[in-house]
Structures are given as C-alpha cells and as structure tokens.
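Trainee: Before I ask anything, let me first share the structure, which is written out below as structure tokens.
Nothing in this text is a laboratory measurement; each read-out follows from the coordinates by a stated rule. Just so it is clear, the structure is predicted and the values come from calculations on it, not from any experiment. Please note: Cβ atoms are built from the backbone with ideal geometry, for glycine as well, and neighbour counts cover all protein chains shown.
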Amino acid sequence: MSVLVPVGTDALVVVDLLGSIMIPTGPVHDGQTPQQAAQDVLRGAPGGLPLLRRVALAWVQARRRKVITHVLATEPMTREDAGQLIYRDPRADVRVLPTMRVVDELPTPGRLRVLVGLQALATGETAYLEGDEVRHYAPPGLIQE
C-alpha cells in the first residue's frame, strides 16, 4: 500500500531512501486492513495519520501472483505536522517537496499512481489501474478492502 500525503495545496510528502525519492509505501500483512497498514508506514502525526480514503487501486499480474497496491490519501497536512512524520525504514528521510518536482522525479509506476491518485482525490472517485492503464472498474474478484 502507498500513502499519498498532500501538504498544503502544492506539495507532497515523500521519502528519500539513499538518494531516490518515493511515495511512502509498505506491506499489508495478513489480517490487516490497508488503513491499518498505512498507520505503520508513517508515524509521528498527532493522533495518527489523518486518513481520508482510498484514491486508487492498482494491480499487476506478476509471474506467480497478482500484486495489488492500495493508494490511500490523507487529509492535507501542514508542513509542521509533516515534519514530525517518521518512515518505517530508518534509512529514509521524510521530505516535503513540490508536487511537480515529485511527479518529475518518480519512476513511471509511482508517477502514474500519484497523478491518478491526485485526480481521484480531487473528483471524489476511486481510480483503478491495471499495469499502466486506467480502468473504469476493478475486475470481479479483486480484493478491494
């Protein structure tokens, strides 16, 4: 699962891991909801992450299994609150960068998830991505919660 954290109206929270930026991401363990997993990815927010909703669901068929990524968005945070966040991997630094810089620097799969997630956040919809294609609906049987 990935967490899209807007800061104000023009920035996003990213993690800088050894010089590469990425959207905060983590696993969803058995018996855990994506919302619970999101709280494990970023800590330090007063009262926990102010999760808003799932904005995107992405899936890709890997060799032996389907990989599903839930993209959850938070309510916009202030720079001060975002500065208190700690990523699950201690080697990474949490940073706040302008949205356009994030879009420019992310690898293609992450860039697509961010752009589609921001659009879905603005429209109130949930976006569905199969590989690098936007779909209108999730396929039947895809776990959505």
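Trainee: Could you compute Rg(Cα) / (2.2 N^0.38 Å) for region 1-134, with N its residue count? Walk me through the numbers before you get to the answer.
Mentor: Details: Rg = 13.9 Å, N = 134, 2.2 N^0.38 = 14.1 Å.
Region 1-134 yields a ratio of 0.98.
Trainee: Could I ask something else about it? What is the packing order of peptides 82-92, 47-57, taking the mean over residues of other C-beta atoms within 10 Å and listing the highest first?
Mentor: Details: 82-92: 15.8, 47-57: 17.6.
Highest-to-lowest ranking by the protection proxy: 47-57, 82-92.
Trainee: Hey, in the GNM for the chain with a 10 angstrom Cα cutoff, which one of 135, 64, 111 fluctuates hardest?
Mentor: 64
Trainee: Might you report the magnitude of the Cβ-based charge dipole of the chain about its Cα centre, with Lys and Arg at +1 and Asp and Glu at -1, to the nearest 20 debye? Each step should come with its number before you reach the end.
Mentor: Values: 15 positive and 16 negative charges, 84 e Å.
Using only the charged Cβ atoms, the result is roughly 400 debye.
Trainee: Once you put a point 7 Å from the Cα of residue 32 and another 7 Å from the Cα of residue 61, both along the Cβ direction, what distance in nm separates them?
Mentor: Between residue 32 and residue 61, the simple spin-label model gives 2.9 nm.
Trainee: Would you mind telling me the antiparallel percentage of the DSSP bridges in the chain, rounded to 5?
Mentor: Numbers: 27 of 35 bridges.
In the chain, DSSP labels about 75 percent of beta bridges as antiparallel.
Trainee: Find how much the distance from residue 89 to residue 9 grows on full extension, using 0.36 nm per residue of separation minus their present alpha carbon separation; answer in nm with one decimal.
Mentor: Net length gain for the segment: 26.1 nm.
Trainee: Using only Cα atoms, tell me the angle between helix 108-123 and the longest principal axis of the chain; keep it within 0 to 90° and round to the nearest 10.
Mentor: On a 0 to 90 degree scale, this one is about 90.
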